[in-house]
Structures are given as C-alpha cells and as structure tokens.
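Only one structure is covered here, and it is reproduced in the block below.
The values are calculated or read from the model by the stated rules, or taken from the named source; none is laboratory data. Fair warning: this is a prediction, and the values are worked out from it, not measured in the lab. Glycine gets a Cβ as well: all are built from the backbone with ideal geometry, and neighbour counts include every protein chain shown. Calculation scope for accessible area: heavy atoms of the full protein, side chains included, ligands and nucleic acids excluded. Shrake-Rupley method; radii C 1.70, N 1.55, O 1.52, S 1.80 Å.
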Amino acid sequence: MIAIIDYDAGNLRSVEKALQFLGHETSVTRDRDKILSADKVILPGVGSFGDAMDKLKSYNLINTINDVAEKNIPFLGICLGLQLLFETSEESEGVAGLGILKGDIVRIPDRNDLKIPHIGWNSLHIMNNGRLFSGIDENSYVYFVHSYYLRAKDENIVTAVTEYSACMHASVEKNNIFACQFHPEKSGAVGLKILENFVSV
C-alpha cells in the first residue's frame, strides 16, 4: 500500500488517481500507524512553505515523516513536498523545514522574458544515475508549477536539473528519500514511468 500524506495541501487526489491508474493501492491519510506500515510514502503538495509546515505540525506529522526516513521506507516528495524536506525557504523567512536533506529553497530570479510562477513543460538533464529516471530519455519534458526552487548543498544527491532563469535542482535522491520539483502525476507517460520507478524501488 502507498500512503499519501494528507495535510490539507492541494494536489493529493491527482497523485492518488495516477497511482490507481497504474494499478496500485493507495491511502490518503494522516494516521501515523498507516503511514509507518505503508510500503511507500508520498508527500505531495502545492501551496506555501510556511503554511505547510504549520499544517504538518498541527497534525503531528513531523515526527511521523522523520520516522519514515529513519525506517528506510521509500519516500517521495513532490513539488512543495520536495521543498519541505530541506532546511529553509525564502518564501517563509524564519520557518524551519523538515531538514531531512541539506539545502535551501530560493526564489526563481526575475527575468523580463520569463513569467513567474514557472508554469509549464521543461526538459530535464538527468544525472547521478537517479533511480526515478530508469528508462527515461535525456531531455524528457515534465510539468512544473512553482515560484521557488531548490539549491541542494550536496550536488551528489541531485538526479535532474532544468533551466528556467537559473539552473534548478529538479530532482534529488538520497538513500530512501526521493523528491522532484515537477509534477510526475501531470507529466504524461514520462511522469507515470517516474511514479512506477518509485513504486518499484
């Protein structure tokens, strides 16, 4: 069973539907026991960093997520779910993230010819043999919706980057922790393959 963590963030149902389309049993839940007994855990989300951390605290999910990491249960953060895994975000000054991975979330630099938020399809440069990208072609396109992006402290955990006003760390992997800034559930066949790769870890 794949647990999708419910902390009142948007986009949970589209992730659930994509996994069900692939034939996997899912549970959208904030129940600690269900999450810790799951085969895989996903933290999706759209919204603001500070609000999301407040919700994780109010639902007592921070310790649960830390325990998922420590128990080596495969864990996937999507979009805001990636950002929350890191230490800080310029979107919410003074708010600490989960800090499971080292790095900061920064605002996409303004550029006259580019719109922020970044909404749309961008190609990926795949690197460091990320397991999410097994069987995925270099320069495959995936779908993004965000105004902030990751700057990981350790580039060895970065498994994909994309260019949009800056070189953005688009996906990371460390031990049982996986995360992507883009939305695999909205990225067509490429995104479904990425989700399938995660489920197969």
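Worth a mention:
- Taking Lys and Arg as +1 and Asp and Glu as -1, the other residues whose beta-carbon sits under 13 Å from that of Tyr143 total 0.
- Note on Val161: accessible area approximately 20 square angstrom, rounded to 10, probe 1.4 Å, nucleic acids and ligands left out.
- Between Phe182 and Cys79, the built amide H atoms are under 5 Å apart, and every one of these is 5 or more places off in sequence or on another chain.
- Largest GNM mean-square fluctuation among Asp54, Asp31, Asp113, using the chain with Cα springs under 10 Å: Asp113.
- Average accessible surface area per residue within the chain, 1.4 Å rolling probe, Å²: 44 Å²
- Listed residue pairs exceeding 27 Å between alpha carbons, taken from Lys17/Lys153; Lys71/Lys193; Lys17/Lys115; Lys55/Lys102: Lys17/Lys153; Lys17/Lys115
- Projecting label points 7 angstrom from Cα along Cα→Cβ for Arg107 and Asn156 puts them 3.4 nm apart.
- Rounded percent of accessible protein surface that carbon and sulfur make up, the chain, 1.4 Å probe: 44 percent
- Between the range 38-52 and the range 141-179, the Cα center-to-center distance that results, in Å: 16 Å
- For the range 121-189, relative contact order (Cα pairs under 8 Å, six or more residues apart, normalised by length) works out to 33 percent.
- With a simple spin-label model that places each label point 7 Å from the Cα along the Cα-to-Cβ direction, the separation between Met1 and Glu138 comes to 4.3 nm.
- Out of every Cα-Cα pair that the chain contains, those further apart than 27 angstrom amount to 21 percent.
- Cα→Cβ-extended label distance, 7 Å offset, between Leu114 and Cys167, nm: 1.3 nm
- Unit charges on C-beta of K, R, D, E only; dipole of the chain, Debye: 200 debye
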